[in-house]
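The values are calculated or read from the model by the stated rules, or taken from the named source; none is laboratory data. Just so we're clear, the structure is a prediction, and the values are computed from it rather than from any experiment. Note that we place each Cβ from the backbone using ideal geometry, even for glycine, and neighbour counts take in every protein chain shown. Heavy atoms of the whole protein, side chains included, go into the accessibility calculation; ligands, DNA and RNA do not. Shrake-Rupley method; radii C 1.70, N 1.55, O 1.52, S 1.80 Å.
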Amino acid sequence: MGDALTVRPGGTGLAYRNEAPADRDRHGVLWARLTEAPGVGRPDFRALHSYRQRHAMFHLLCQVCGGPASRTSRGVLFLIQRPGPAEVLAGWPEGVLSTKPPVCEPCVALAVRHCPHLTNPLALRVRKPRVWGVFGGLFSLTPGGLLAQSQTDDYLPYGSPAARWFLASQLVIELTRCSEVTGVPR
Ligand SMILES: [Zn+2]
């Protein structure tokens, strides 16, 4: 937990002690800060990653090289993990949530090779990648009035009342109007 985190006056949510407008997004959700660990001179890589991820997602930039992601009339190119048979929901992959930014075509092979989660990749063209919400940690108040962070990170849709107690680390995009691309390079 960041040492700069505190509770809003009245106990109405999470805040930074010296909060700046840039600490929240346009939906009012608080974001993990890009900070240096004091005295160590080492950047907080999670926050650094978080900033790049958010920037790439928001502007649909390639997750590998940071250039514009591939875009055709069928949409923007995303790579997702093909789910197991038990995980396939009705209409899949329509509406799949992604924290991974899109890719450009030259970087597809590299993205597949370097992402440990993409063991069975599926390439999608997505006509409507839609900002859905955030990924991060939910906080709560202990009976003693201290901040406690949830054990696991989670997805939170924008508009949720829990957003007041959430510290976002990644932007989540919903992939809609998807079509499958065949022949993903390995
Ligand atoms: Zn690229």
Worksheet, complete the sentence: For strands (runs of 3 or more DSSP E) lying entirely in region 78-174, having 1 or more residues that are modelled with pLDDT of 90 or more and within 22 Å of Phe58 (Cα to Cα) picks out 96-98, 121-141, 154-157
Response to the item:
Listed by first then second residue, the pairs whose first member lies in region 135-163 and is farther than 13 Å from Val29 by Cα and free of Cβ contacts under 8 Å to residues at least 12 places away in the same chain, whose partner is open to solvent by less than 70 Å² (accessible area, probe 1.4 Å) and of a type in the set (Phe, Trp, Tyr), with beta carbons under 7 Å and at least 6 positions apart or on separate chains, are Ala148/Phe139
Worksheet item: Among the residues of region 55-74, which ones are more than 13 Å from the ligand (Cβ to nearest atom) and touching a residue at least 12 places away in the same chain (Cβ under 8 Å)?
Response: Met57, Phe58, Thr72, Arg74
Fill in: Selection status of Thr142, over 19 Å from the mean Cα position of the chain (by Cα) and open to solvent by 40 Å² or more (accessible area, probe 1.4 Å)
yes
Worksheet, complete the sentence: Note on region 102-117: residues closer than 18 Å to Gly84 by Cβ and open to solvent by 20 Å² or more (accessible area, probe 1.4 Å) are Pro116, His117
Worksheet, complete the sentence: For region 3-30, pairs from a residue that is within 15 Å of Arg54 (Cβ to Cβ) to a residue that is among the small types (Gly, Ala, Ser), with Cβ under 8 Å and 6 or more apart or across chains, are Asp25/Ala168; His27/Gly159; His27/Ala163; Val29/Ala163; Val29/Ala168; Leu30/Ala15; Leu30/Ala168
Item to complete: Tally the residues that are farther than 12 Å from Phe78 by Cβ and away from the ligand (no atom under 16 Å from the Cβ), restricting the search to region 89-141.
Response: 22
Item to complete: Name every residue in region 75-88 that is closer than 16 Å to Gly183 by Cα, more than 16 Å from the ligand (Cβ to nearest atom) and touching a strand residue (DSSP E or B) at 6+ places or on another chain (Cβ under 6 Å), in order of residue number.
Response: Ile80, Arg82
